[in-house]
Each structure stands twice: as structure tokens, then as C-alpha cells.
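Handing you a structure now.
The values are calculated or read from the model by the stated rules, or taken from the named source; none is laboratory data. On a predicted model such as this, the values are computed, not experimentally measured, just so you know. A quick note on method: Cβ atoms are made from the backbone with ideal geometry, for glycine too, and the neighbour counts reach across all protein chains shown.
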Amino acid sequence: MIADAFTRSLDDLMAERLRQPNQRELVVQAVMTGFETLQKKPVPDLVTRTKRLEERVRKMSEQVALNFVNGRLVVKVAGSSESLMNELRRGSDWYEPWEKVDEIVLAAILVEPAK
């Protein structure tokens, strides 16, 4: 009972953080900075694709949540954001898989943004 109340309290705290625009912007910047390090295939419209990806990441930052599930801290997303996270994890036809994307999102949510 106490553990459930503690977990709910932490879930609420993290949800409140993600309602803050500067926290969501930190998530976007962290993901896009990490994305720059991925191997990409030579495609003629790389800049356009990257801008579209950033738009999708920005939308995801408005829908992402951090929750405790079975005692583990996990990144939760739904709908099109879930498909984006899966795409980032597995790679696509123009970039390689990103094994650590969940850790980057998690860290960006937990880090206090600069004021």
C-alpha cells in the first residue's frame, strides 16, 4: 500500500515535469543530438527527412510518460509515438537501429533543464 502510494506520487511528479515546455524541449534536443550520431544511408533528402523526424519527436515529447511498472522505471508512449520509438529502436530504411534511445529519453526526462 505504501509502495503503491509512493509509485503513484513519483508517476505524478514525472507527469508534471513533462507538462513543462522546457522539459519537453530538453527531450527533443537530447533525442535529436543522439540521432545525429547514428549511421545513415546516403539519401538525397536527408535534411528533409531529419526535419520530419524532429517534428515527430516533438509530438512524441508531448505524449511521453515515465512510469514505474513492476518496480522498473519505463518510458511509455502511445499511438504514432510508439511507432516512432519502435522505428528508432529498430532502425529504418535510411538509418541504423538505436539501442539506447530509451535511455536517452529517460535521462532527458530526469535531468533538470537549464533555467
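Taking region 1-51 on its own, how many of its residues are among the small types (Gly, Ala, Ser) and farther than 17 Å from GLU112 by Cβ?
Matching residues across region 1-51 total 4.
Give me the pairs, please: first residue somewhere in region 1-17 and farther than 14 Å from ASN70 by Cα, second residue anywhere and surrounded by 12 or more Cβ atoms within 10 Å (Cβ to Cβ) and not aromatic (Phe, Trp, Tyr), beta-carbon distance under 6 Å, and either six or more positions apart or on two chains.
Partner pairs satisfying both residue conditions: MET14/LEU66; ARG17/GLN23.
Where the second residue is in a loop (DSSP other than H, G, I, E, B) and the first is closer than 16 Å to MET14 by Cβ and lies in region 87-111, which pairs have Cβ atoms under 8 Å and are six or more apart or on separate chains?
Short answer, once both residue conditions are applied: VAL105/VAL64; ILE109/VAL64.
Now a separate question. Might you let me know whether region 41-50 holds any residue that is under 21 Å from GLU16 (Cβ atoms), of a type in the set (Lys, Arg), touching a strand residue (DSSP E or B) at 6+ places or on another chain (Cβ under 9 Å) and not in a loop (DSSP other than H, G, I, E, B)? So that I can check it myself, show each step before the final result.
Pass one, region 41-50, residues under 21 Å from GLU16 (Cβ atoms): none.
Within region 41-50 (the criterion being under 21 Å from GLU16 (Cβ atoms), of a type in the set (Lys, Arg), touching a strand residue (DSSP E or B) at 6+ places or on another chain (Cβ under 9 Å) and not in a loop (DSSP other than H, G, I, E, B)), the answer is no, since none of the residues qualifies.
Give me the residue from region 68-86 that is more than 13 Å from the chain's Cα centre (by Cα) and in contact (Cβ under 8 Å) with a residue 24 or more places away in the chain and, out of that set, surrounded by the most Cβ atoms within 10 Å (Cβ to Cβ).
First, the residues of region 68-86 that are more than 13 Å from the chain's Cα centre (by Cα): 68-73, 79.
Then keep just the ones that are in contact (Cβ under 8 Å) with a residue 24 or more places away in the chain; that gives 68, 73.
Working: PHE68: 16, LEU73: 13.
My answer is PHE68.
Could we say that LEU88 is touching a helix residue (DSSP H, G or I) at 6+ places or on another chain (Cβ under 6 Å) and at pLDDT 95 or above here?
Working: touching a helix residue (DSSP H, G or I) at 6+ places or on another chain (Cβ under 6 Å): yes; at pLDDT 95 or above: yes.
For LEU88, the condition - touching a helix residue (DSSP H, G or I) at 6+ places or on another chain (Cβ under 6 Å) and at pLDDT 95 or above - is met.
Given the conditions (1) assigned to a helix (DSSP H, G or I); (2) in contact with a Gly (Cβ under 9 Å, 6 or more places away or on another chain), and given that ALA30 satisfies all but one, which numbered condition is not satisfied?
With (1) assigned to a helix (DSSP H, G or I); (2) in contact with a Gly (Cβ under 9 Å, 6 or more places away or on another chain) applied to ALA30, the lone miss is (2).
Filtering region 39-60 down to residues that are more than 24 Å from ALA78 (Cβ to Cβ) and touching a residue at least 24 places away in the same chain (Cβ under 8 Å), which residue is farthest from the chain's Cα centre (by Cα)?
Per the criteria, the residue is VAL43.
Ok, one more. Based on what the data block shows, is PHE35 surrounded by 13 or more Cβ atoms within 10 Å (Cβ to Cβ) and not in a helix (DSSP H, G or I)? Quick ask: steps written out before the conclusion?
Numbers: surrounded by 13 or more Cβ atoms within 10 Å (Cβ to Cβ): yes; not in a helix (DSSP H, G or I): no.
No; evaluated as a whole, the condition is false for this residue.
Follow-up question, since we're still on this one. Do we find that ASN67 is touching an Asp or Glu at 6+ places or on another chain (Cβ under 7 Å) and more than 27 Å from GLU96 (Cβ to Cβ) in this structure?
Values: touching an Asp or Glu at 6+ places or on another chain (Cβ under 7 Å): yes; more than 27 Å from GLU96 (Cβ to Cβ): yes.
Yes: the conditions hold for ASN67.
Let me ask something additional. Looking at SER92, SER81, which one is assigned to a helix (DSSP H, G or I), hydroxyl-bearing (Ser, Thr, Tyr) and out of contact with any Gly (no Cβ under 9 Å at 6 or more places or on another chain)?
Values: SER92 fails: assigned to a helix (DSSP H, G or I).
Answer to the selection: SER81.
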